[in-house]
1. Can you bin every Cα-Cα distance in region 157-230 into 5 Å intervals starting at zero and give me the percent of pairs per bin, rounded to whole numbers?
2. Quick one: angle between helix 42-51 and the longest Cα principal axis of the chain, in degrees between 0 and 90, rounded to 10, please.
3. For region 238-385, which semi-axes, largest first and in whole Å, follow from the square roots of 5 times the eigenvalues of its Cα gyration tensor?
4. Given the C-alpha atoms of region 6-114, compute the convex hull and give its volume per residue in Å³.
5. Please compute the Kirkwood hydrodynamic radius over region 237-316, one decimal place, Å, based on all pairs of different Cα atoms.
6. From the square roots a ≥ b ≥ c of the eigenvalues of the alpha-carbon gyration tensor of region 208-275, which class results: rounded (a/c under 1.5), prolate (a/b over b/c), or oblate?
7. Using helices alone, what [θ] at 222 nm do you get for the chain, with -39,500 (n - 2.57) per DSSP H run of 4 or more residues, divided over all residues and rounded to the nearest 500?
8. No solvent, one uniform scatterer per C-alpha: report log10 I(q)/I(0) for region 96-219 via the Debye equation at q = 0.13 1/Å, two decimals.
């Protein structure tokens, strides 16, 4: 509750056309250290309210000319002073009069003749409530200001991120275009040289060069695809695609690689889980990346399985390989572009391979899931909307 020292900072306006009532109320409030102003009419009260700030208004209802109800209406209609609580002073005790006062915006009422303890208790309560409301409003204003500042900071951060994303896209695009042309030229010369160097001491060297250039060309193509997908520049063409046919065709391109490691390939496609609606090129590229990855990290004499299944939501293409699976760190950053610190189990350099697959699935309203198996090995699942 407010004490006498705090009361000194509280200003109360008493409005009553009877000077004796003003004197009684004034003495009670002065004795309790309140600052008090007086008005003998409604217009006089409104004039004072235009020039002074008050914490509470004690307002008589029955006054000649402008009664307390009218004064209350005017106060509550004025945004500058509508927050000031009003306690009606009334000789009336009928319910209708009291309810009318509350409907107009009064917060309490006091019946004449005044009881000192009751008057002080009601005054203190309403002033305390006003102070608490003001504190809450100040806190809200402070919070709103902090939110505005934070929002501005986030907007700037988002703008910076967008610039970084654009820069990254341009960089990937630059890698693709600047690498592909000279690499294709180099690759062309290697293909010309290979027949004449086959079965010579330089055969292994030329094979190494072919392998390196193939990887760099794959990297540049993946970088270009990621850029187009991120910037929305890839022109997707939805058709009915046979994922079983695509998977088997892609697998045949790795026959030599699997034979070299004695890897067994098992394919099992559900006849009801073959045809999906998607982009043929994106699906082919995704399957290629996943199989390339699986072959690379499947140990000698290992096993790779390709299968398709269907449920109520998805047609799933699942590629499972034996081996050690993905490290925990790799799983956490598997789809992040350029997340290369101590990462293994991705086929394209810079971790672009599965990142491009994730983007490709997203533009087809699909998903990709990767998980390790407790019995060893890992699986990558492409999930297409059924």
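Values quoted throughout were computed directly from the atomic coordinates according to the rules given, and no laboratory measurement underlies them. Computed from a prediction, not measured in an experiment: that's the story for all the values here. Cβ coordinates were reconstructed from backbone atoms using ideal geometry, including for glycine residues, and neighbour counts include every protein chain displayed.
1. 3, 16, 19, 16, 12, 10, 8, 6, 4, 3, 2, 1
2. 50
3. Equivalent ellipsoid of region 238-385: 22, 19, 14 Å, largest first.
4. Values: hull volume 10.0 nm³, N = 109.
Normalising the Cα hull of region 6-114 by residue number yields 91 Å³.
5. Final number for the Kirkwood radius of region 237-316 is 13.3 Å.
6. oblate
7. The per-residue figure over the chain is -18000 deg cm²/dmol.
8. Relative scattering, expressed as log10 I(q)/I(0), comes to -0.81.
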